[in-house]
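To start, the structure under review is shown below, and the notes come after it.
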Amino acid sequence: MNEIPVLVTIHSCARRDDDSEEPISLMTAGTLMLDEEKAVVSYQETLDENLPPQTVRVTVKDDSVTMIREGKYATQMVFARGQRYEGIYHTPFGEMDIAVFCTRLSYDLTEEGGEVFLVYQMDMNGQFAAMHELHLEVMVKNG
């Protein structure tokens with residue numbers, strides 16, 4: 001698989017029970033790798049200004065999206081529409097149980113770039129945390 005240099009733009013919004021919203025936007029350099037079976041977008045993300053950036057890998061394959069974050073805030077989440085995924089969120093302060101239930105999933109990734117769109121509910125330690133929308137846009141860098 002060839003690595004294609006890309007610009008990754010992430011728009012995320014968490015909606016809580018009290019109708020409060022927590023929008024987040026991030027633009028960063030990354031790579032896109034494609035083959036017949038899957039597409040992989042990798043980029044660096046900073047969650048804590050006191051720690052080095054962490055690598056995030058988003059893999060699209062077989063109508064599901066897997067997101068793996070490495071580093072001090074490591075986690076793995078799998079998004080497949082209508083399915084619940086349970087995992088662990090590792091932080092410098094301890095571990096938390098997380099669960100995601102994906103209600104919308106769409107993607108279109110080619111050598112020209114594309115996007116991934118997710119809507120999912122997140123529970124932390126067995127309690128509703130928020131409804132999330134995540135829109136990841138991938139633009140190929142021109143030489």
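The numbers here are math on the coordinates, done by the rules we state, and not lab data. The shown structure was predicted, so the numbers you read here are calculated from the model rather than taken from an experiment. Glycine gets a Cβ as well: all are built from the backbone with ideal geometry, and neighbour counts include every protein chain shown.
On the beta carbon distance between residue 14 and residue 108, with R0 = 35 Å, the FRET formula returns roughly 0.90. Cross-link partners of residue 38 among lysines, defined as those whose alpha carbon lies under 23 angstrom from its own and excluding same-chain residues fewer than eight positions apart: 61, 141. With the alpha-carbon atoms of the range 31-110 aligned to their principal axes, the span from lowest to highest coordinate is 38, 28, 16 Å, starting with the largest.
For the residues 76, 127, 54, a GNM of the chain with alpha-carbon springs under 10 Å puts the largest fluctuation on 127. Between the listed residues 9, 41, 106, the Cα displaced farthest toward the positive end of the dipole of the chain, a dipole computed from Cβ unit charges relative to the Cα centre, is found at 41.
Potential lengthening of the chain between residue 84 and residue 37 amounts to 14.6 nm, from the contour at 0.36 nm per residue minus the alpha-carbon distance.
Stokes-Einstein D for the chain at 20 °C, 1.002 mPa s, Kirkwood Rh over Cα pairs, in µm²/s? Here the translational diffusion coefficient equals 136 µm²/s. The amide H of residue 54, built 1.01 Å from its N in the peptide plane, has 45, 46, 47 as neighbours under 5 Å, considering only residues 5 or more places off or on other chains.
Ordering 126, 136, 83 by Cα displacement along the dipole of the range 3-140 toward the positive end leaves 126 in first place; charges were set at the Cβ atoms of Lys, Arg (+1) and Asp, Glu (-1). Summing Lys and Arg as +1 and Asp and Glu as -1 over all other residues whose Cβ lies under 14 Å from the Cβ of residue 98 gives a net charge of -2. When you restrict to C-alpha pairs under 8 Å that are six or more residues apart and normalise by the size of the chain, the relative contact order lands at 21 percent.
Charges were assigned to the Cβ only: +1 to each Lys and Arg, -1 to each Asp and Glu. The resulting dipole of the chain about its Cα centre is roughly 140 debye.
Taking θ as phi - 60° and the Karplus parameters 6.51, -1.76 and 1.60, the scalar couplings of the range 112-123 work out to 8, x, x, 7, 10, 10, 10, 10, 8, 8, 10, 10 Hz in sequence order, x denoting glycine and proline.
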